[in-house]
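Take a look at the structure set out below.
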Amino acid sequence: MSEEEKPGGTLPEEEETMQPSPQQADLDEAVSLLCSRVHDEAVAEAYLNEMNGGMPVLIIRSEHWLEAARMFRSEPALGCDYLRNLSGVDYETYMETVYHLLSMSTGKQYAVKVRTDRDNPSIPSVTAVWPAANWNEREVYDLLGIDFPGHPDLRRIMMPDDWAGHPLRKDYEPLDPEV
Amino acid sequence: MIRTEELLLNVGPQHPSTHGVFRIIVKLDGEVITDATPVMGYLHRGTEKLAENLNYTQIIPYTDRMDYVSAMTNNYVLCHAVETMMGLQIPERAEFLRLIVMELQRVASHLVWWGTYLLDIGAMSPFLYAFRDREIIINLFNELCGARLTYNYMRVGGVKWDAPDGWIDKVSEFIPYMESKLEEYDRLVSGNEIFLARIKGIGVYDAETAVSYGLSGANLRCTGLNWDLRKTEPYSLYDRFAFDVPVGRTGDCYDRYRIRLEEIRQSLRILRQAVEQFPEGGETMGKVPRVIRPPEGEVYVRIESPRGEIGCHIVSKGKAEPYRLKFRRPSFVNLQILPKLLIGETMTNLITILGGIDIVVGEVDC
C-alpha cells in the first residue's frame, strides 16, 4: 500500500517513521502463532520485503504447509480468507510456490513461500483451504511440474494433455524447436 | 415408462457466447446440468515464458494481448510493478493521462460486456448501441497512440505519447454524451421484463463463497462486499477523486449487471474530475535509466481492472529481463466458480451465468 508514488514529496519521511512498525508486528504475530500452534520449526525464514512496501514474507517448510495454511485461514488474528495470487518459480536449484494472502476484514497481507526439491517437486495442495487455489495449482503443475498431493483434479490446464515437459522450467527444451 | 438418459454435451471451443475459444463439457439430465467441466488453453500463448527473454519495454505489447478488451489496465499493472521495484517517480501529467485512459478503458470494456451480454441472452440491438458509443473511446485512443485495441501506450516511468491538442476537450465532451446514453440504455433494457426474468435470481452465491473462490471485481461486489482496489488499496491518483463503489445485495446476475452499469457512471465521474484537474504542460516521462534493470528482489502489485484484481508478480535478478513474471488474471480466477454455479441450472442459464462472470479468454489463457 505504501509503495505508491504520492506526489507531494513526503515519501522519504513516511518511510522512516511508518514503514517498519505495523508490518513488523504482523510478521512477528504470524511467526509466533505458527511456531506455537503448528510446529516450532514450521517457519524457515521471515522478513519484510521492503521493495514491496514492507510486505511480510514467510518461508514455510513444506511438511507443515497444509496445517499452516489452515491456520492462516481460520485463526482470527490472521484471518487470511482471500488467496489473491499463487505463483510458481523455478530457481534452478529448488522450486518455490508463492501465495499472496489477504485478510478481507483487517487488510493484513502476507506473502507465503514454500520451497521444494527440484528433482521431485511436491507441495501439499491447499485447494481444501482456499478453493481459489484449484486452477492456480493446476497451472503451476502444468507449467512447472510441481505435484500437489491432495488436489482433487490435478490435470494440465493450459498445455494439451499429451504435452511433454513443463514449459516454465528453466531447463525446458521444446521437443520441436520450430514450434 | 419414460426412458431417461444422461447426455454429454460439448459447448465450444468456438461458440458465439463464450467470447473467445473456450470450451465447456456439460452433463445433462434432461434440461438440467448435473456436471460441468471447463476446458481452457486454446488461447495459451505462453506470455509468461516469452517474457523471460524480453526486456520490460518489450513485454508491454504482450500485455495488450492478454485482456484485449482492457489493454490499458494491463499496460499499467506491468509498468506499475517495475516502477515499484525501481522506486520511480511518475510525472503528474503522465499519471493523469494514465488514469484518464484507464477509466475510459473501463467504460469501453463495460460497454463491450453490456452489448455482448445482451446479445448472448438474445437481444440484438443493444450490441449496436454499445459499439456505437465504444467507438468514440476507441477513436480517442487511436488519436492518442495510433491503435484501436492493442495500445502499447504506457512505459515504465510514464506514457509514450502526450495528448494531442484538443484531446482532453474531446474527452470532456464525451462525458455528458455518455451519461445521456446510459439513461437510454436503462430505458432500452434495464426495465425489460423478459430480460429481468432471464437474469434475476440466476447464478447466486454469497460473500463467503465469493471470497473463498478469490473472485474480484463486480463478481465480488455483487455479494455486498465493498471491495474495490481503487478505494481499499489506492494506487495511481485515485485517492484524489470522489467516486462511489456500487455494491449489490443478492449476488445474482442482475446485481452484476447493475454494478457494471453504475461503474460506467462512476468512471465518468472520475473522468470529469480528472479532466478538470489535468495539469497544463509538464513531462510525460519520468527519469528512467536507458536500460531498465530493476534491482534483485520481487514484488506483487495489483490494480482494479474492469474484470477485477489484475496482479503482476515479478522476480528480478537485477537483469534487463524478468527472471519470472506472473500475471494474476481476474478472468482466470473468476471463471473457477462457473462449474459450481452451473450444477442444477438449465442450458439457457449456462449462457446467462457465463456471460455474467465477464471473462475475456485471452486473459484466462494468457
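In a fully extended conformation the segment linking residue A:25 and residue A:106 would gain 27.8 nm over its present Cα-Cα distance, using 0.36 nm per residue.
Taking A:79, A:88, A:165 as the candidate residues, the one with maximal mean-square fluctuation in a Gaussian network model of chain A, Cα springs under 10 Å, is A:165. Mind checking the angle between helix B:167-185 and chain B's longest principal axis? C-alpha axes, 0 to 90 degrees, to the nearest 10. With rounding to tens, the tilt is 20 degrees. Partner shielding of A:160-166 amounts to 1, given as the average count of beta-carbon atoms from other chains within 10 Å of each residue beta-carbon.
Summed over all non-identical Cα pairs, the Kirkwood treatment of the protein assembly as shown gives a radius of 24.1 Å. Per residue, the average separation of C-alpha pairs within less than 8 Å and at least 6 apart gives region B:207-289 a relative contact order of 26 percent.
Want the number for residue B:53 to residue B:239: 0.36 nm per residue separation, take away the alpha-carbon distance, what's left?
Gain on extension, residue B:53 to residue B:239, equals 63.4 nm.
If you line up the long axis of helix B:347-357 against the longest principal axis of chain B, both from Cα atoms, how many degrees apart are they, to the nearest 10? Long axis of B:347-357 versus the principal axis of chain B: about 20 degrees. A cut-off under 12 angstrom between Cβ atoms defines the neighbours of residue A:139, and their net charge, with Lys, Arg +1 and Asp, Glu -1, is +2. Across chain B, the mean sequence separation of Cα contacts (distance under 8 Å, 6 or more residues apart), normalised by length, yields a relative contact order of 26 percent. Taken along the Cα-to-beta-carbon direction at a fixed 7 Å, the label points for residue A:156 and residue A:74 span 3.7 nm. Considering the zone a paramagnetic label at residue B:2 would reach in this model (a point 7 Å from Cα along the Cα-to-Cβ line), which residues of region B:27-65 have amide N under 13 Å from it? The answer is B:29-32.
Which of B:19, B:44, B:80 moves most in a GNM of chain B, Cα contacts under 10 Å? For chain B, modelled as a Gaussian network with Cα springs under 10 Å, the answer is B:44. Principal-axis analysis of the Cα atoms of chain B puts helix B:253-277 at an angle of about 20° to the longest axis. Within the shell defined by Cβ-Cβ distances under 15 Å, the residues around residue B:2 carry a net charge of -3, with Lys and Arg each +1 and Asp and Glu each -1. Counting Lys and Arg as +1 and Asp and Glu as -1 over every other residue whose Cβ lies under 14 Å from the Cβ of residue B:281, the net charge comes to -4. Taking the Cα centre of the protein assembly as shown as origin and assigning +1 to Lys and Arg Cβ atoms and -1 to Asp and Glu Cβ atoms, the resulting dipole is close to 880 debye.
Across region B:192-204, coupling constants 3J(HN,Hα) worked out from phi with the 6.51/-1.76/1.60 Karplus curve, θ = phi - 60°, read 5, 5, 5, 4, 4, 5, 6, 10, 6, x, 9, x, 7 Hz, and Gly and Pro carry x.
To the nearest µm²/s, what D does Stokes-Einstein give for region A:19-120 at 25 °C and 0.890 mPa s, using the Kirkwood radius over alpha carbon pairs as Rh?
Numbers: Rh = 13.7 Å.
Approximately 179 µm²/s, per Stokes-Einstein.
Taking packing as the residue-averaged number of other Cβ atoms within 10 angstrom, the listed peptides A:66-77, B:147-158, A:146-157 run from highest to lowest as B:147-158, A:66-77, A:146-157. Using C-alpha pairs under 8 Å with a sequence gap of at least 6, the mean separation divided by the residue count of region A:44-179 gives a relative contact order of 19 percent.
Across region B:6-356, counting alpha-carbon atoms alone, Rg and Dmax equal 20.5, 67 Å. Overall, the ratio between the Cα radius of gyration of region A:42-179 and 2.2 N^0.38 Å, rounded to two decimals, is 1.09.
Volume per residue for region B:199-261 equals 74 cubic angstrom (convex hull of Cα atoms). Distance between the pseudo-spin-label points of residue A:50 and residue B:283 (7 Å out from Cα toward the beta carbon): 2.4 nm.
Residues within the reach of a label modelled at residue B:232 (point 7 angstrom out along Cα to beta-carbon, backbone nitrogen below 16 Å), restricted to region B:305-328, are B:305-312. Cα centroid separation, region B:64-92 to region B:98-130: 23 Å. With R₀ set to 22 Å, the beta-carbon distance separating residue B:135 from residue B:15 gives a calculated FRET efficiency near 0.30.
Quick note: the coordinates plus some simple rules give every number you see, no bench work behind them. Note that this is a predicted model, so its numbers are computed, not measured. Cβ sites come from the backbone with ideal geometry, for glycine too, and all protein chains shown count toward neighbours.
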